[in-house]
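Report on the structure given below.
Derivation of every value follows stated rules applied to the coordinates shown; laboratory data play no part. The model shown is predicted, which means the values in this text are computed figures rather than measured ones. Glycine gets a Cβ as well: all are built from the backbone with ideal geometry, and neighbour counts include every protein chain shown.
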Amino acid sequence: MDDTLGREQAARLHRTLEDARIGGRRLWVRYLALGGTAGELEVEGYRHGCLDLPVRQRDLLAWAANTLLDRRFHPRVPSSGDLAAAVGGADRDRGDMASSAGAG
């Protein structure tokens, strides 16, 4: 898997499902119902960090997982847009700190 955001999204999906004790088949069935097109083995490979999936399929998996979670106890699985915004915000913060450190 070459995509850093994809790896992070897969890791969060995996951790969240493990913590919530939601099985791969249950996730896959919900994902298919939402319009997902990857096979069960592809989804498991992605979830375990062995395969990459297109952004659209990753976001459908996040959506499927989030519909299966008890919102009171488990964190949501982020979409690719959520992760990109978080990374972009962290990069901007680091840039602000670097520029203010050099200004002194």
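The table below lists the values:
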item: Neighbour net charge for residue 33 - beta-carbon separation under 14 angstrom, K R +1, D E -1; result: +2
item: Proximal charge balance of residue 62 [Cβ under 13 Å; K/R count +1, D/E count -1]; result: +4
item: Prolate/oblate/rounded call for the range 1-85, Cα gyration tensor, a/c under 1.5 rounded; result: rounded
item: Calculated FRET value between residue 33 and residue 55, using beta carbons and R₀ = 22 Å, to 0.05; result: 0.65
item: Separation in nanometres of the label points that stand 7 Å from Cα toward Cβ, at residue 40 and residue 20; result: 2.0 nm
item: Contact order relative to length of the range 1-85, as percent, for alpha carbon pairs under 8 angstrom and 6 or more apart; result: 44 percent
